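The values are calculated or read from the model by the stated rules, or taken from the named source; none is laboratory data. From a predicted model like this one, the values you see are computed outputs, not experimental measurements. Glycine gets a Cβ as well: all are built from the backbone with ideal geometry, and neighbour counts include every protein chain shown.
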Amino acid sequence: MTAGGPHRHALFAAALCLCAAAARADVYQEPDAFIAEVFGSRPAPKLLWLTPEIQAQAGAILGHPPAQLRQRYWSDAHRSVWILEETGKEELITAGFVVAEGRIDHVRVLVYRESRGQEVRQSAFLKQFKDAKLGQGDRLDRDIDGIVGATLSVGAMERMARLALYFDRKSRE
């Protein structure tokens, strides 16, 4: 037997478990499938360049600077789709937002990577965003009820909703 044989195997197994836990992601719908569902097919993406003004306001909405200099989106004459990511407690949440006439038409959690708080993907929670629009100070025009044990995920969803509405407004200027 080699030096540290059983211990080395135990350490290797523990490391493998940690890697598997870190790579956890519940994919509820692929972003491309969400886009195709909204439009009937997948239209060509468009880009919103995040000018210094847009970056500043996006940073105010998120509470941190945006990670990118441009945001991809899809739209037709009536609505736009925004696939956004924001950190819940420790991991990214990927959500799709459909905006029509300055209001959220619907939202769906596409990929959830946190170990807790998956309730944010339930329709009972998501329906609160229906018809939400930006009010004064780029805040939502309504309060979003929280979920016990998912406070940070709820906050991330609310920030992404505000950002989708803000980006939609800027894309139509």
> If GLU101 passes every condition in (1) touching a Lys or Arg at 6+ places or on another chain (Cβ under 6 Å); (2) at positive phi but one, which one does it miss?
Replying inline: (1)
> Taking the condition at pLDDT 95 or above and touching a Pro at 6+ places or on another chain (Cβ under 9 Å), does ILE54 pass?
Replying inline: yes
>> Against the definition (modelled with pLDDT of 95 or more, in a loop (DSSP other than H, G, I, E, B), over 15 Å from the mean Cα position of the chain (by Cα) and surrounded by fewer than 21 Cβ atoms within 10 Å (Cβ to Cβ)), how does ASP131 come out, yes or no?
In response: yes
>> Among the residues of segment 50-65, are any farther than 30 Å from SER115 by Cβ, surrounded by fewer than 15 Cβ atoms within 10 Å (Cβ to Cβ), touching a residue at least 24 places away in the same chain (Cβ under 8 Å) and charged (D, E, K, R)?
In response: no
>> Please count how many residues of segment 148-173 are farther than 20 Å from ALA58 by Cβ and either surrounded by fewer than 18 Cβ atoms within 10 Å (Cβ to Cβ) or of a type in the set (Asp, Glu) (or both).
In response: 3
> Out of curiosity, is VAL81 part of a strand (DSSP E or B), surrounded by 21 or more Cβ atoms within 10 Å (Cβ to Cβ), modelled with pLDDT of 95 or more and in contact with a Gly (Cβ under 8 Å, 6 or more places away or on another chain)?
Replying inline: yes
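Residue-wise test of (1) closer than 19 Å to ALA58 by Cα; (2) in contact (Cβ under 8 Å) with a residue 60 or more places away in the chain; (3) out of contact with any helix residue (DSSP H, G or I) (no Cβ under 8 Å at 6 or more places or on another chain).
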residue: ASP76; (1), (2), (3): no, no, no
residue: LEU84; (1), (2), (3): yes, yes, no
residue: THR87; (1), (2), (3): yes, yes, no
residue: LEU92; (1), (2), (3): yes, no, yes
residue: VAL99; (1), (2), (3): yes, yes, no
residue: ASP105; (1), (2), (3): no, no, yes
residue: VAL109; (1), (2), (3): no, yes, no
residue: GLN128; (1), (2), (3): no, no, yes
> Do you know which residues across segment 134-143 are at pLDDT 95 or above and either of a type in the set (S, T, N, Q) or crowded, with 17+ Cβ neighbours inside 10 Å (or both)?
Replying inline: LEU134, LEU140
